[in-house]
1. So who's got an amide H within less than 5 Å of the one on Val12, skipping anything under 5 residues away but keeping other chains? H placed 1.01 Å off N, in plane.
2. Enumerate the calculated ³J(HN,Hα) couplings along the range 41-50 in order (Karplus 6.51 cos²θ - 1.76 cosθ + 1.60, θ = phi - 60°), each rounded to whole Hz, writing x wherever the residue is Gly or Pro.
3. Ordered by residue, what ³J(HN,Hα) values in Hz, to whole numbers, does the range 5-20 give under the Karplus form 6.51 cos²θ - 1.76 cosθ + 1.60, where θ = phi - 60° and Gly and Pro are x?
4. Which value at 222 nm does the chain reach when only helices count, each DSSP H run of 4 or more adding -39,500 (n - 2.57), with the total divided by all residues and rounded to the nearest 500 deg cm²/dmol?
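None of the figures in this text is laboratory data; all of them are computed from the coordinates on show. Predicted model only: the values in this text are computed from it and were never measured.
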Amino acid sequence: MEAFDRGRFDLVPMDGEMPLMDGIAATRRIREHECARGLVKTPIVVATAHALPQDRASSLRAGLDGDLVSPYSLGELEGVLMRWLSPEAAEETGRR
C-alpha cells in the first residue's frame, strides 16, 4: 500500500498465487485503500491458472478487472494491455 501512497499506476498486473498474500486478498486491500482515500480505481489484472467460472466470479467480486489464464499467449497479453492502457480506457476510468 505504500506504493499507492507515493503515486498512481495505470495498471497493476497481479499474480494470483503469491507467497505472502494471494492476488484476491491483495486486490481487496488495494480497493479498500483506494476507497478510504477517495482514489480513482486502478485497473488490476490477474495472471492465474484458475479458469473455472466460479474462480472468475470470485476474482470479479474481489475487485479484479480482468484475468489472463496461464498459459497465455503474447497476443492475449497484448490485448489486456491495449484494453487497459489505451487513451480511451484512461478517459473511461478517469486516470488522465
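1. It is Ile44, Val45, by chain and number.
2. Listing the rounded values in order: 5, 8, x, 10, 10, 9, 9, 8, 9, 8 Hz.
3. The phi angles translate into 6, 8, x, 9, 10, 7, 7, 10, x, 10, 8, x, 10, 9, x, 8 Hz.
4. Result for the chain: -15000 deg cm²/dmol, rounded to the nearest 500.
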